[in-house]
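The values are calculated or read from the model by the stated rules, or taken from the named source; none is laboratory data. Here the structure is a predicted model, which means the values were calculated and not measured. Neighbour counts run over all protein chains shown; Cβ positions are idealised from the backbone, glycine included. Just the protein is used for accessible areas: all its heavy atoms, side chains included, with ligands, DNA and RNA removed. Shrake-Rupley method; radii C 1.70, N 1.55, O 1.52, S 1.80 Å.
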Amino acid sequence: MQFFAELFGSYWADVQLVVWTLIKIVAIVLPLMIGVAYLTLAERKVIGFMQVRIGPNRVGYFGLLQPLADGLKLLFKEIILPTASNKALFFIGPVLAIAPAFAAWAVIPFDATLVLANVDAGLLYILAMTSVAVYGVIIAGWASNSKYAFLGALRSAAQIVSYEIAMGFTLVGVLMCANSLNLGTIVMGQEGGFWHWYFLPLFPLFVVYFISAVAETNRAPFDVAEGESEIVAGFHVEYSGMAFAVFFLAEYANMMLVSMLAALMFLGGWLSPVPFLPDSILWLLAKVAFLLFLFLWFRATFPRYRYDQIMRLGWKVFIPITLVWIVVVGAMMQTQWAYLFH
Amino acid sequence: MLFTDIVFYVLSAILLFSGIRVITTRNPVHAALFLVLAFFTAAGIWLLLEAEFLAIALILVYVGAVMVLFLFVVMMLDINLDKLREGFWEYLPMAGLIGVLMVVEMTMVLAEKNLHPSEAVELPANYSNTAALGKVLYTDYLLPFELAAVVLLVAMIAAIVLTLRERKDNKSMNPADQVKVKRSDRLRIVSMPAEVEEAPAAAAEEKK
């Protein structure tokens, strides 16, 4: 330590800060990657049981090593570059898909003190990051120089832009209640038991947010961007090996991100549902796990939406609902029942 | 201060490079993507100026929505580079004139301030750019703000009306009608007498 301190001289404090921040980033990304790996296993198991099958059970006990085996397999597969593709953009595509999915975690608070960057405009930052994620899909679809991939990219672009508006409006409702854009403050505004959580006064917004989140992550029943029965695999049809795996990781990391956000904004984050139990990060993880289970449940239950039905739901149903409820919340805050919304 | 200076120069270099590439690159899709990069780095510079709301709004609105739709259109173009460069010299004088005009206008607007830059103010650590912007927008500049909003609304409705045309071969369905469908609308139950007895007899006759 002494040696390094002398080596960097007056910059020692800065170097320490950078190294410490890097360690924190690894401490967030590593569990996230493991979580993503086991979410894929959980998905196959849960859907398996819903369809009265067993699911993967050969590798390790209960198939617990299956994600590792899958990862190794994908790692050793050849990445095939289509001849007429745009080489640079073909490889930038997956990077742009996964980078925002991880970058958004920088402002997520896991606990009252456990947060990497406690910024004031945290909610806006996350909204910006999730809106950037669409570039990975668009660029991948275009650079592949394939009709199926391009159709998938166009579908995805239109869908994500449409649902982002409804999602943004639901967040407006939350920040009206919390009077803050800081995620930690938003959670602390819901203190005092589950009847104080924002999902009750903002119930329509909560429902709209979660369905928009499913659409935003291109999950079933909104998975027209991949739609394997219509356009083979959509935007990532030309990708193989790790390049494909990166898209896969990005999708699951995004699912975890939107579930985490829903838990923080509407379900009280790390706060316990009843006052006599202590607040803990375990509550947060349990809420996120439940919301992720809903994602898997949806996939096993609903048939895929038709494209025009997706557009109708986003523009003609969700946006009006959110607009009306924001006005309701704003008006109610001026009455004697304002305490219900804070 | 050194570190932020380095960040500023790196971001400015990327911004200038991508700005130049927007107009020099031959492929329109690359040009659009360089414009995205330019927006992104500009947002980074605004963050250095502690204008976090504007920076994030720039990414949210321009990168996240406007440029996506832009790319959407550009990607569907038939990219024929020879055709795109056709008439370059023909249009050059006109384009050059407009370019020079814009440069003159920009210098007239900016020169005075650049020669006498106002003193930079150190802001307290808990200063929130978002809250400050909100307060100013909804008090001092309420009327211009609302007017701008109305103008945008009118423009939006006008754009929709301009592109709205009834198609005769439109096959879109009304979901409300679909939901209201009753069994009696689709299904007709016909009463028919049973015909079991005659079938074997007919088959036997054919054999003969």
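Summed over qualifying helices (DSSP H, 4 residues or more, each -39500 (n - 2.57)) and divided by its residue number, chain A shows a 222 nm mean residue ellipticity of -21000 deg cm²/dmol.
Panel values: the range A:231-296, Kirkwood radius from alpha carbon pairs, Stokes-Einstein at 37 °C and 0.692 mPa s, translational diffusion coefficient 240 µm²/s. Restricting attention to chain A, lysine pairs at least eight places apart or on different chains and with alpha-carbon atoms under 28 angstrom apart total 9. Sequence-ordered 3J(HN,Hα) estimates for the range B:37-52 from the Karplus curve with 6.51, -1.76 and 1.60 and θ = phi - 60° stand at 4, 4, 4, 4, 5, 4, 4, x, 5, 5, 4, 4, 7, 6, 9, 5 Hz, glycine and proline given as x.
By accessible area, using a 1.4 Å probe on protein heavy atoms only, the range A:238-292 has 82% of its surface on carbon and sulfur. Kindly identify the range A:192-339 as rounded, prolate or oblate by the Cα gyration tensor criterion: order the square roots of the eigenvalues as a ≥ b ≥ c, call it rounded if a/c is under 1.5, otherwise compare a/b with b/c, prolate if a/b is larger, else oblate. Oblate shape, in that a/c is at least 1.5 and b/c is the bigger or equal ratio. Distance from the Cα centroid of the range A:269-285 to that of the range B:175-190 is 50 Å (rounded to whole angstrom). Pairing chain B with chain A buries about 2100 Å² of accessible area. This figure sums both sides and uses a 1.4 Å probe.
Extending 7 Å from the Cα toward the beta-carbon at both A:I23 and A:L277 defines two label points whose distance is 3.3 nm. Tell me, how many Å apart are the Cα centres for the range A:9-73 and for the range A:214-259? With the range A:9-73 and the range A:214-259 each reduced to a Cα centre, they are spaced 18 Å.
Take every residue in peptide B:27-40, count the Cβ atoms of other chains within 10 Å of its Cβ, and give the average of those counts. Taking all residues of B:27-40 together, the mean is 2.
When peptides B:19-27, A:183-191, B:44-52, A:274-282 are ranked by their average number of other Cβ atoms within 10 Å per residue, the highest-first order is A:183-191, B:44-52, B:19-27, A:274-282. Distance between the modelled labels on B:A194 and B:R21, one decimal in nanometres: 8.1 nm (7 Å Cα→Cβ projection). Residues of the range A:39-61 with amide nitrogen under 18 Å from the 7 Å Cα-to-Cβ point of A:L68? Counting only backbone N, you get A:39-42, A:56-61. Extending 7 Å from the Cα toward the beta-carbon at both A:Q334 and B:T139 defines two label points whose distance is 1.9 nm.
Which FRET efficiency value, to the nearest 0.05, do you get for A:F49 and B:A13 by plugging their Cβ-Cβ distance into 1/(1 + (r/R0)^6) with R0 = 60 Å?
That gives a FRET efficiency of 0.60.
Between B:M76 and A:F298, the FRET efficiency from the beta-carbon distance, with R0 = 35 Å, is close to 0.65.
Report in % the part of the accessible area of the range A:1-150 that belongs to carbon and sulfur, leaving out ligands and nucleic acids; probe 1.4 Å. Reported share for carbon and sulfur atoms: 72 percent.
Rounded to the nearest 0.05, what FRET efficiency is calculated for B:L164 and B:F88 with R0 set to 30 Å and r the Cβ-Cβ distance?
0.25
Listed values for the range A:276-282 are Karplus-derived 3J(HN,Hα) couplings in whole Hz (6.51 cos²θ - 1.76 cosθ + 1.60, θ = phi - 60°), namely 7, 9, x, 6, 7, 5, 4, and x replaces Gly and Pro.
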